[in-house]
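Enquirer: One structure, as structure tokens, below. Some questions next.
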Amino acid sequence: MERDSSFPAETAGVLSGGDDALADVTVIVCASCRDETGSDGHPRAGELLAEDTRRAASGENIRIRSVECLGNCKRRLSAAILRDGCWSYVFGDLTATSGADLVAGAKLSATSTDGLIPWRGRPDCLKRGLVARIPPLDLLKDQI
Ligand code: FES
């Protein structure tokens, strides 16, 4: 299980966190995901999650985008949080009302100074629902 202490913060000190950094964060929601019933009906649960996330981000300087599939269909409602120069996170097992939690995760990413979304303070669904985190390419460029 992911823990902050398990992963050295190799990007420590290279980022400046803060409210302005919210503009660097993008939340991507899969609008095609079905709910637990697997229904093909519209609006899809993923569309509802995208709407809920936009509502939760209203008035915030944060980008919300939707895509047709994040390749995480088996984990149902899915979303990702990306920030330039930081680790990218993919989440699953979300609900149509997880928008506020995604925005909270985006804010944690924006205030991070080591490129990681901190475990402490992270909404539960972004702990349990973690699928993968992907390092920024810059972190790997010195590896052979
Ligand atoms: S349909 Fe949502 S991840 Fe594939």
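FYI, it's all coordinate maths here, none of it is from the lab. Remember, it's a predicted structure, so these values are computed and weren't measured experimentally. Note that each Cβ is placed from the backbone with ideal geometry, even for glycine, and that neighbours are counted across all protein chains shown.
Enquirer: Obtain the nm distance between the two label points defined at Arg34 and Glu68 by a simple spin-label model: each point lies 7 Å from its Cα along the Cα-to-C-beta direction.
Expert: So the two model labels end up 1.7 nm from each other.
Enquirer: Using the beta-carbon distance between Asp84 and Ser58 and R0 = 30 Å, what value does 1/(1 + (r/R0)^6) give for FRET efficiency, to the nearest 0.05?
Expert: On the way: r = 23 Å, r/R0 = 0.76.
Using R0 = 30 Å, I get an efficiency of 0.85.
Enquirer: For region 82-106 and region 34-48, write down the distance between their C-alpha centroids in whole Å.
Expert: Region 82-106 and region 34-48 have Cα centres spaced 19 Å from each other.
Enquirer: Further, regarding this structure: What do you get for the angle between helix 45-56 and the principal long axis of the chain? Use alpha-carbon atoms, 0 to 90 degrees, nearest ten.
Expert: With both axes taken from Cα atoms, the answer is about 60 degrees.
Enquirer: A further question follows. Give me Ser58, Ser112, Ser98 sorted ascending by neighbouring Cβ count inside 10 Å, so fewest comes first.
Expert: Details: Ser58 10, Ser112 21, Ser98 24.
The most exposed by this proxy come first: Ser58, Ser112, Ser98.
Enquirer: Here is a further query. Tell me the relative contact order for region 62-144 as a rounded percent, counting alpha carbon contacts under 8 Å between residues six or more apart.
Expert: Taking the mean separation of contacting Cα pairs over the length of region 62-144, I get 31 percent.
Enquirer: Exposed loop trypsin sites (Lys or Arg not before Pro) only (DSSP loop, at most 12 other Cβ atoms within 10 Å): please give the longest stretch of the chain free of them, not including the sites.
Expert: Working: sites that count: Arg3, Arg120, Lys141.
Segment 4-119 is the longest.
Enquirer: What ranking of Glu51, Glu68 emerges when the number of other C-beta atoms within 10 Å of each C-beta is taken as an exposure proxy, fewest first? Write out the running numbers ahead of the final one.
Expert: Working: Glu51 17, Glu68 9.
Listing Glu51, Glu68 from fewest to most nearby Cβ atoms yields Glu68, Glu51.
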